[in-house]
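One structure is given below, encoded as structure tokens.
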Amino acid sequence: MTKKILGKKDLVLFTVSAILLLDTLASAASVGVSSIFWWLFLSVVFFIPFALISAEMSCSYPAQGGIYAWVKTAYGSRWAARASWSYWINTAVWIPAISILFAGIFKQMFFPDLSLYGQIGIGLLLTWITVLVNIVSLDVGKLIPDTGAIFKIIIFIVIIVGAFNYVDEHGMANDFTIAALKPDWQASFQYIPAIIYGMLGFELVSASSEEMKDPARDMPKAVLISALIIIVLYMLGTVAMLAAIPAKDINLVEGLMDTLYLLFGQSTAGKTFAMALGIMALFTFFSNGVTWALGCNRAAAEAAKTGELPAIFGLASKKTGTPLGASIMMGLVSTGTIVLYGFLAGSNEDLFWSLFAFSAVIFMLPYIGMLLAFVKARVEHPNHSRPYKIPGGLFFARLSAYSCIAVLSFAIVLFIYSPEDGMQWSVFIGVVVTLIIGELAINSAEKTKAETKEKLELVND
């Protein structure tokens, strides 16, 4: 019997750990002061509707595997397998991106002359530590996301308070006027998708539904509490970073430490404090990878157990019952990705963005399936028990889902084609190749499943 170890506090911290990303803060601030407009606008048309949909689905259909199970119920095994593959492979590709972010800040703090290849080596080490954490039991593994979430909240609050003090003494680094808040469409297009990306993940903990104490009771509250924490900290954190550093000078990898040193690094005590916060930030990057791997590996394992992904994904640890096969496969794919893209990149910032954009497109595709599954469930099963239900009836439910689909589709296009830089061929080719590999893996799993069924029928006859 599966141990019920995830309470409401764990669900809130797990969700905050999954969604509240310090790298998203730098990407958003790079847009400039108009990023405040985008946080507000996207909160209304995407973040809040998506949070409400996730809350309803999580407590109404609390099945192990989360998004995989929801798509399967609505559209069958093949589409569920595709969603599960995209969900899993995104994390396998994104972990190298977050590892490079870790390595870049590690370099900035301790080894300024560390080469890109040295940073890749650190990324590889971090990747396999993440794999090991995924193999231990969840009551141990959950400590990483819980601690990471607390550290993130502390860092965001410290940056916000520090920025107010800095502005009082030095003034604003950027012009916070009504005119500056108006969106600069050309400048915004490159990083708006990163803001949208930073709003995803409310459903992740649902992949561990069987390990929750009371999903129907706890999930709606956990989603709404975490949503409030996340959006407030994102917006205030963006304002704080822009108060300290001119938008044009924000580095996607090193922008966080630049901000901390600027706010606190003027004295020995200040530098020590900034260094301590930097170490906490390093842990949060590690916890990001662990958090997503914990959810995505479980979704992939569920798909493999029913023959919709190759059987190796379904191998479980005999001691802990954790997804051993999916975790090791994730480590192998992450290793190959970070090495391949590492040879193509000219800097840690180029490497981070290429990996981030590539994984983000793959990541967003299953959410479109999830949102369509939500609409279908509302239409075809109106009397299904829903402990929490989005107010406003079917019309508002559809409006919420289609608004989210439109925003996701817009973000996917901008990740692949930038009006300023043109077609991002490395991203496009990576996405196409990944989807083709997914189809081959799914076909192989289905063929094996059919052959096994045929053999069993022959034995029974």
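The values are calculated or read from the model by the stated rules, or taken from the named source; none is laboratory data. Just so we're clear, the structure is a prediction, and the values are computed from it rather than from any experiment. Please note: Cβ atoms are built from the backbone with ideal geometry, for glycine as well, and neighbour counts cover all protein chains shown. Each accessible area value is taken on the protein alone, full model and side chains, heavy atoms only, with ligands, DNA and RNA left out. Shrake-Rupley method; radii C 1.70, N 1.55, O 1.52, S 1.80 Å.
For this structure, a couple of remarks:
- Stretching ASN383 away from ILE437 to a fully extended chain increases their span by 15.5 nm, per 0.36 nm per residue minus the current alpha-carbon distance.
- Fully extended contour minus Cα-Cα distance, from ASP249 to THR448, at 0.36 nm per residue: 66.3 nm
- The Cα center of the range 211-251 and the Cα center of the range 399-458 differ in position by 28 Å.
- Relative to the longest principal axis of the Cα atoms of the chain, the long axis of helix 48-60 makes an angle of roughly 30 degrees.
- Estimated dipole of the chain in Debye, rounded to 20 [Cβ of Lys and Arg +1, of Asp and Glu -1, Cα centre]: 1340 debye
- Residues whose placed amide H lies under 5 Å from that of TYR417, excluding near-sequence neighbours: GLN424
- D by Stokes-Einstein for the range 408-453, Kirkwood Rh over Cα pairs, 25 °C, 0.890 mPa s: 194 µm²/s.
- In loop segments of the range 383-461 as defined by DSSP, the GluC sites (Glu not before Pro) with at most 11 further C-beta atoms inside 10 Å of their C-beta are GLU420.
- Rounded to the nearest 10 degrees, the inclination of helix 8-19 to the longest alpha-carbon principal axis of the chain is 70 degrees.
- Here the calculated FRET efficiency for SER267 and LEU143, from their Cβ-Cβ distance with R0 = 45 Å, stands at 0.85, rounded to the nearest 0.05.
- Gain upon complete extension [LEU394, ALA216; 0.36 nm per residue less C-alpha separation]: 62.0 nm
- Reachable lysines, given that their alpha-carbon falls under 22 Å from the alpha-carbon of LYS447 and they are not under 8 places away in the same chain: LYS72, LYS305, LYS455
- Cα-based shape type of the chain, given that a ≥ b ≥ c are square roots of the gyration tensor eigenvalues and the cut on a/c is 1.5: prolate
- Think of a 1.4 Å ball rolled over the protein heavy atoms: the chain then has 39 Å² of accessible area per residue.
- Taking a straight line from the alpha carbon of LYS8, these lysines sit under 20 Å away, with near neighbours fewer than eight places off in the same chain left out: LYS142, LYS152, LYS213, LYS221, LYS389.
- Largest accessible area first, the listed residues TYR166, TYR367 line up as TYR166, TYR367 when surface is computed with a 1.4 Å probe on the assembled protein chains.
- Annotation: peptides 170-180, 51-61, 260-270, ranked by per-residue average of other Cβ atoms within 10 Å with the highest first, follow the order 51-61, 260-270, 170-180.
- Under the Karplus curve 6.51 cos²θ - 1.76 cosθ + 1.60, θ = phi - 60°, whole-Hz ³J(HN,Hα) for the range 293-303, x wherever Gly or Pro sits: 5, 4, x, 5, 5, 5, 5, 5, 4, 4, 5
- Within the chain, longest stretch free of exposed trypsin sites (Lys or Arg not before Pro) [DSSP loop, at most 15 other beta carbons within 10 Å]: 5-212
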